[in-house]
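S.K.: This is the structure, below, for whatever I ask next.
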Amino acid sequence: MRKSQKEIAESSRSITRRGLALGAIQMAVVSVLGLKLRSMQIEHADEYRLLSDGNSIKIELLPPARGLILDRNGMIIAGNEQNYRVTLTREEAGDVSAVIARLRRIIPMSDHQVAQILEEVRKRSAVTPVMVVDRLSWPEFSSIALNAPALPGVTPKSGLSRNYPRAGDFAHVLGYVGPVSDYDLSKIENPDPVLRLPEFQLGKVGMEAKLEDVLRGKAGSRRVEVNSVGREMRELSRIEGQQGATVQTTLDASLQNFATQRLGEESAAAVVMDVTNGDIVAISSSPVFDPNKFVRGISGPDYRELMKHDHRPLADKTVQGAYPPGSTFKMMTLLAGLEAGVINPGSRFFCPGYTTVAGRRFHCWSRGGHGMVDAVQSLEQSCDVYYYELAQRVGIDRIAAMARRFGIGVRHDLPMSAITEGIAPDRAWKMARYQQEWQVGDSLNASIGQGYVLASPLQLAVMTARLATGRAVEPRLVKAIDGVSQPVPDWPDLDLNPLNLRTARAGMEAVMNAGRGTARRMRIAAPEWRMAGKTGTSQVRNITAAERARGVIKNEQLPWNRRDHALFVCFAPFDMPRYAVSVVVEHGGGGSAVAAPIARDILLFALAGGLPPLSAYPDGARAEVEEMWSRMNLMPATPPKTERAKA
């Protein structure tokens with residue numbers, strides 16, 4: 001059927017429209033291609049010319065800056081410093097031995113170092129950079145950069161490395177960082193890729209390890225153009241990493257410095273706790289070590305010296321050390337008896353110098369005895385017989401329960417390594433541990449902090465803070481993270497009879513200030529800082545009959561590692577407590593003679609916000625104290641605060 005003239009005209013117009021639309025699309029495509037060709041040939045001609053010669057794009061991770069650690073006043077106690085280093089990538093180097101041989105002509109490298117590098121290169125993936133030299137000087141770093149064309153696979157890098165400006169002052173609490181080892185990676189289920197970078201540093205012990213996720217930060221990246229021999233031509237783009245969080249601790253750098261110097265070379269520990277909020281303001285273990293040596297790679301001789309030292313400088317005695325608390329534990333036995341109603345503050349026992357149980361004599365430290373003593377006098381004079389008698393009446397289970405109430409035998413949650421739980425033994429504990437029944441003699445020993453009882457200096461500080469406040473204060477080390485203050489809980493009441501708590505405190509006050517107080521010579525003379533305390537001497541071993549026959553009758557005549565431990569706990573001011581202090585001196589002898597003066601000096605420094613006035617000391621001690629201060633090299637102290645929070 002033939003189409004009409006009208007239909008033919010309409011069909012022609014439709015074809016024309018489709019043709020125009022198709023032509024427009026073709027023109028648009030050609031225009032876009034033209035613009036792209038113009039961009040490639042004119043605007044980016046140099047870039048593509050380089051790529052055509054064998055260049056390629058490489059993407060690298062950028063390690064983040066590690067977060068800072070500050071003291072409570074904002075002083076940096078763990079920071080970062082500039083570090084120049086060189087890495088080598090096997091895939092880019094080709095003949096690794098030849099490249100290292102050329103590198104040795106620029107910087108000195110021992111045969112041992114070269115052997116270690118080759119072994120590390122062999123173990124790692126071909127595309128994983130391996131650390132060759134760390135902590136280069138600027139001239140060495142510049143020389144390597146200038147000779148880069150002759151050193152394929154060698155990459156000079158500028159980065160950050162951890163630094164501890166106060167060196168040993170915070171060594172044990174902060175710990176240190178070090179290179180990531182295969183063992184470190186094996187402990188992590190899905191390791192962050194940044195951990196495989198040769199220059200990356202991981203927290204190994206202490207707060208650095210416990211707060212690793214907070215301090216590490218997030219890796220960045222960069223795109224670089226390299227030519228056919230692996231030389232970097234230019235950086236195409238960079239995304240900086242996110243620095244780790246800044247952690248502000250509760251520690252006071254000046255007080256920590258004083259405590260560390262006051263402990264000196266003793267094998268000892270000291271803990272200072274703000275009883276109003278649980279802040280640990282100083283926590284020092286002695287002797288110290290320099291954590292910077294571990295960051296930089298400690299030498300074999302230096303490490304062996306630390307390991308062989310009989311005072312164990314690498315051990316953190318403040319939280320890892322567990323010691324018989326000696327007579328510092330007597331407040332627990334006393335409160336157990338008072339709370340159980342077995343005795344009252346006026347109950348008196350006669351001390352002839354010993355107690356006989358099942359045919360065995362348990363001696364008091366005063367062989368002549370103390371006569372009749374009540375609760376306060378039992379602490380003032382540290383009468384052992386009073387507690388032997390009390391232990392038989394109250395029983396070990398009540399004593400252990402009271403000790404745990406005050407933080408003994410409890411692991412306190414702090415970001416530190418290997419925190420001990422200590423031991424507050426009872427009948428069930430001995431059966432579970434030794435499959436033996438509890439004996440009366442065990443109770444007598446435990447009542448004076450001997451036998452199975454063990455406590456760390458941290459636990460003794462917590463115990464003292466709770467005695468001072470009557471509240472279940474817990475220790476804390478982190479004050480703020482990235483400027484956000486960490487909340488301080490409202491510590492619950494210990495729910496003790498106030499009269500019983502006052503009796504224990506009165507006994508501790510008498511230790512320092514009463515006429516027969518065992519630490520009267522170490523009292524604080526300033527009335528506004530009146531101190532309460534308790535001495536302790538924990539026996540390491542008995543002097544044997546054979547030693548007595550040879551004339552060894554005193555503790556100081558024994559070899560150092562067989563002498564008694566010296567302990568002291570205290571708090572002040574007595575009427576409005578602010579700080580609690582515990583000191584343990586391993587094999588130091590008597591608590592009143594050795595540990596008490598250290599604790600008093602540290603407590604006074606905390607109260608004064610620096611070196612206290614000499615008038616705070618008894619007359620007879622001032623010349624000796626002033627001479628001791630002259631030998632110290634103290635950092636500037638934080639100005640004392642005028643306000644004082646209520647306990």
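Throughout, read-outs are computed from the coordinates displayed, never taken from laboratory work. Just so you know, these numbers come straight off a predicted model, no measurement behind them. For neighbour counting, all protein chains shown are included, and Cβ atoms are generated from backbone atoms with ideal geometry for every residue, glycine included.
S.K.: If you take the charge dipole of region 58-247 about its Cα centre, with +1 on Lys and Arg Cβ and -1 on Asp and Glu Cβ, which of ALA78, TYR164, SER237 is farthest toward its positive end?
M.R.: After comparing all options, I get SER237.
S.K.: Considering only Cα-Cα distances, which of the following residue pairs are longer than 24 Å: LYS187/LYS218; LYS58/LYS210; LYS308/LYS430; LYS330/LYS430; LYS293/LYS479; LYS58/LYS293?
M.R.: Pairs exceeding the cut-off: LYS58/LYS210; LYS308/LYS430; LYS293/LYS479; LYS58/LYS293.
S.K.: Could you tell me which label, among [x] 34, 31, 28; [y] 41, 34, 26; [z] 69, 31, 23, carries the value of semi-axes √(5λ) of the Cα gyration tensor in Å calculated for this structure?
M.R.: Identified label for the calculated read-out: [z].
S.K.: Tilt of helix 457-469 relative to the longest C-alpha principal axis of the chain, in degrees (0 to 90, nearest 10)?
M.R.: Result, in degrees: 70.
S.K.: Follow-up. Give the order of TYR617, TYR452, TYR303, TYR387 when sorted by the count of other beta carbons within 10 angstrom, beginning with the fewest.
M.R.: With the fewest neighbours first, TYR617, TYR452, TYR303, TYR387 line up as TYR303, TYR452, TYR617, TYR387.
S.K.: What full-extension length gain, to one decimal in nm, is calculated for VAL29 and SER186 as 0.36 nm per residue of separation minus the Cα-Cα distance?
M.R.: Contour length minus the Cα-Cα distance gives 51.0 nm.
S.K.: Apply 1/(1 + (r/R0)^6) to the Cβ-Cβ distance of LEU22 and GLN242, taking R0 = 60 Å, and write down the FRET efficiency to the nearest 0.05. Numbers along the way, then the final one.
M.R.: Numbers: r = 52 Å, r/R0 = 0.87.
It comes to 0.70.
S.K.: Per-residue HN-Hα couplings for region 116-121, Karplus 6.51 cos²θ - 1.76 cosθ + 1.60 at θ = phi - 60°, whole Hz, x for Gly and Pro?
M.R.: Result, rounded to whole Hz: 5, 5, 4, 5, 5, 4.
S.K.: Let me know the charge dipole size of the chain about its Cα centre in debye, to the nearest 20, where only the beta-carbon of Lys, Arg (+1) and Asp, Glu (-1) is charged.
M.R.: Dipole of the chain, to the nearest 20 debye: 880 debye.
S.K.: On to the next question. Report the label-to-label distance for ASN497 and ASN633 in nanometres (one decimal), using points 7 Å from each Cα along the Cα→Cβ vector.
M.R.: Computed distance between label sites ASN497 and ASN633 equals 5.6 nm.
S.K.: Sticking with this structure for a sec: Sort the following peptides by mean Cβ neighbour count (other Cβ atoms within 10 Å, averaged over residues), highest first: 439-451, 328-340, 622-634. Spell out each step's value before the answer.
M.R.: Working: 439-451: 22.3, 328-340: 25.8, 622-634: 11.7.
Going by the mean number of other Cβ atoms within 10 Å, highest first, we get 328-340, 439-451, 622-634.
S.K.: Using a 10 Å cut-off around each Cβ, can you sort ILE408, ILE25, ILE283 from fewest to most neighbouring Cβ atoms?
M.R.: In order of increasing Cβ crowding within 10 Å: ILE25, ILE408, ILE283.
S.K.: Here is a follow-up. Round to the nearest 0.05 the FRET efficiency obtained for ALA525 and SER299 when R0 = 56 Å and r is the Cβ-Cβ distance. Each step should come with its number before you reach the end.
M.R.: On the way: r = 48 Å, r/R0 = 0.86.
Plugging the Cβ-Cβ distance into 1/(1 + (r/R0)^6) gives 0.70.
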